[in-house]
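A quick write-up on the structure given underneath.
The values are calculated or read from the model by the stated rules, or taken from the named source; none is laboratory data. Only a predicted model underlies this, so the values are computations on that prediction, with no experimental measurement involved. Here Cβ is always computed from backbone atoms with ideal geometry, including for glycine, and neighbour counts include all displayed protein chains. These area figures cover heavy atoms from the full protein model, side chains too; ligands, DNA and RNA do not enter into them. Shrake-Rupley method; radii C 1.70, N 1.55, O 1.52, S 1.80 Å.
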Amino acid sequence: MLMYMLRRLLQMLPVFFGATLLVYFLVFATPGDPIAALSGGKPMSPNVEAALRAQYNLDQPFWIQYGLYLKNLLTLDLGVSFSGQPVADELARAFPVTARLAVLALVFETVFGVLFGLIAGLRRGRFFDSSVLVLSLVVIAVPTFVLGFIFQYVFGVELGWARPTVGSGAPWGDLIMPGVVLGLVSFAYVLRLTRTSVAENMNADFVRTATAKGLSRSRVVRVHILRNSLIPVVTFLGADLGMLMGGAIVTEGVFNIPGVGSLLFDAILKGETPTVVAVVSVLVLVFVLANLLVDLLYALLDPRIRYA
Amino acid sequence: MPDTQHTTVPGASEAPSTPRTGKISKRRIEHFVAPLEETPLQAVDSVREDSEPLGFWAESWRNLRRQPLFIVSSVLIVLVILVAAFPQWFTSVDPRSCPLEFARMGPQPGHPLGFTYQGCDIFARVIYGAQSSVVVGLFTTIGVVLIGGVMGALAGYYGGWLDAVLARLGDIFFALPLILGAIVIMQLPAFRESRSVWTVVMTLVIFGWPQVARITRGAVIEARNADYVTAARSLGLSKFGALVRHVLPNSLAPVIVVASISLGTYIVAEATLSFLGIGLPASVVSWGNDISSAQISVRNDPHILFWPALALSITVLSFIMLGDALRDALDPKSRKA
């Protein structure tokens, strides 16, 4: 297990360096001058321009620039936004909100996705199965922002079950509806994945053996079918964090949530390239770390993985 | 046969008729299994020798035609493509003429869906908006399949250091989720000023190819060790020739399925980028832009948002359904069931 962890950690390093290099390269090496964009296209005095270039290390050769950017990223020195606030502070304020939103979405999609997928897989071809399948296709096809508007309109405005926008401080109660919207697409994927996997495992030899040796149906389902069906679901949840981060930008925009997504969204609208790079890099770091965690969890669930 | 339980084998019944010397057993050989002619097995086992055996693609096509999911989705897709190619066949109203006096009005004669916040005809905009979604989806898919397919096939087929390098490269792009990566690119000054359908396609291809590469790699690895590849190689076909002639055609099925489903997700991604204001420029008539501009009045006039959203969802749904139907038809494992 220790060897496996070490190997995974080592594999993570090139991915982390590669991804940050990619982001940095795309932003600062593509045509178009980010410094010129800072001034909104108006001519700048040479002194100001030189100062700005020094501030973003653009007067250095590319590799040194990248090294300094990495150092700043790892020490969470993320620069200053247009409003004069350190980006790290803004991120520290926004991050807990988005984390709460993501936790709600993950809990929703995992609990309901696995539950519905299990029932559908056990009753393959029946009414519940086909209706849930159609429903999942519809959920995948409707973009998150449209789902957000529908939920906001139906549950927030018409029915009044939830507040249509999130109040200050983003309490847990206000975040439930946005969390469900954010998790809906992944819920559909988890459901379909669980269903396929359960239906496959139902015909597996070990399930027949378990039934033949007289175990109760509930024990067969819980221990033998469900546990083995969870392996692909756990893998998916790791990759899904990336989708949630993309979705969070949209969901936070629709429900007016002061999270990382809206921080990024505002930075995009204002053309604050350095802030965008800083926030995206932190998100990539979170994503890579989360996938490492998922890989370790995966090895715990399935001992065969460790020796592969 | 009068008595099924004591039938004799054909040779044995003739035996007594010929004169023989010595002790011949008069005992009839007992059979406890019904003779072949009386079982339904013959019907099952019968092979029509005159009929040509169907190839993989012909058999898949036969399976596909029977699926209602396939029929529904392909009819919808043909309709969407027709609308995208010839919008003028479906409406004579100009989607760009937006007289403000009609703003937010309900359905009128000749304008079945009413008007937007700006006074544009919603029906005409929904019809003309199909084009950009279809173009983005189609060309992104083509680009992704070309780049991802080549990368994945080379990595899976040759293995070794090439595989290691390409796999790491794919991992790096994987660490940057589609929407996040697209945001980084599309907000750059260079892209901001020259936004078009093609910049969106390019961005989605850059961050979409690793997925197809992974699928192709897996399929190629599965196919490259098959007996027919060994046979072709031992008959003198070059290594690259075997890849093109035998391995690639046999790894196509999963790629086609993923391509169809991804086409739907690329359309959603384009709409999401347009919604964030960094996708297609506002001058392009597209569903994503229309949904985005409808959000300011969503509380009072939800119908302005509803129609482009419905058109978008139905289009995406039909591509995903097509992918599902293809998966069922192309998977030999599910075929016998």
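Here B:Leu263, B:Leu310, B:Leu280 are screened, and the one residue that is surrounded by 19 or more Cβ atoms within 10 Å (Cβ to Cβ) and either at the interface with chain A (Cβ under 8 Å from one of its Cβ atoms) or in a helix (DSSP H, G or I) (or both) is B:Leu263.
Answer yes or no: is there a residue in the range A:92-105 that is modelled with pLDDT of 75 or more, charged (D, E, K, R), in a helix (DSSP H, G or I) and closer than 30 Å to A:Pro232 by Cβ. Within the range A:92-105 (the criterion being modelled with pLDDT of 75 or more, charged (D, E, K, R), in a helix (DSSP H, G or I) and closer than 30 Å to A:Pro232 by Cβ), the answer is yes, since at least one residue qualifies. When the range B:160-179 is filtered for residues that are within 25 Å of the chain's Cα centre (by Cα) and either assigned to a helix (DSSP H, G or I) or more than 8 Å from chain A (Cβ to nearest Cβ) (or both), the ones remaining, listed by number, are B:Leu166, B:Ala167, B:Gly170, B:Asp171, B:Phe173, B:Phe174, B:Leu178, B:Ile179. Can you spot a residue in the range A:144-154 that is polar (S, T, N, Q), open to solvent by 40 Å² or more (accessible area, probe 1.4 Å) and not in a loop (DSSP other than H, G, I, E, B)? There is no residue in the range A:144-154 that is polar (S, T, N, Q), open to solvent by 40 Å² or more (accessible area, probe 1.4 Å) and not in a loop (DSSP other than H, G, I, E, B). If you check A:Val250 against the conditions, is it within 11 Å of chain B (Cβ to nearest Cβ), assigned to a helix (DSSP H, G or I) and modelled with pLDDT of 80 or more? Yes: the conditions hold for A:Val250.
Of all the listed residues (B:Tyr128, B:Tyr157, B:Tyr117), the sole one being more than 14 Å from chain A (Cβ to nearest Cβ) and outside any helix (DSSP H, G or I) is B:Tyr117. Quick one: would you say B:Asn250 is farther than 23 Å from B:Leu180 by Cα, away from chain A (no Cβ under 11 Å) and in contact (Cβ under 8 Å) with a residue 12 or more places away in the chain? So B:Asn250 fits the description; yes. For the range A:159-212, a tally of residues being open to solvent by 20 Å² or more (accessible area, probe 1.4 Å) and touching a Lys or Arg at 6+ places or on another chain (Cβ under 7 Å) returns 2. Between A:Ala120, A:Ala99, A:Ala88, the distinction of being farther than 30 Å from B:Asn300 by Cα, open to solvent by less than 50 Å² (accessible area, probe 1.4 Å) and touching a Lys or Arg at 6+ places or on another chain (Cβ under 7 Å) belongs to A:Ala120 only. Looking for something polar (S, T, N, Q) and more than 14 Å from chain A (Cβ to nearest Cβ) - is there at least one such residue anywhere in the range B:215-226? Yes: one or more hits. What about B:Ser297, is it over 21 Å from B:Val83 (Cα atoms) and more than 7 Å from every other protein chain (Cβ to nearest Cβ)? Yes. The residue that is farthest from A:Met177 (Cα to Cα), among those in the range A:255-308 that are more than 12 Å from every other protein chain (Cβ to nearest Cβ), at pLDDT below 80 and not in a helix (DSSP H, G or I), is A:Ala308.
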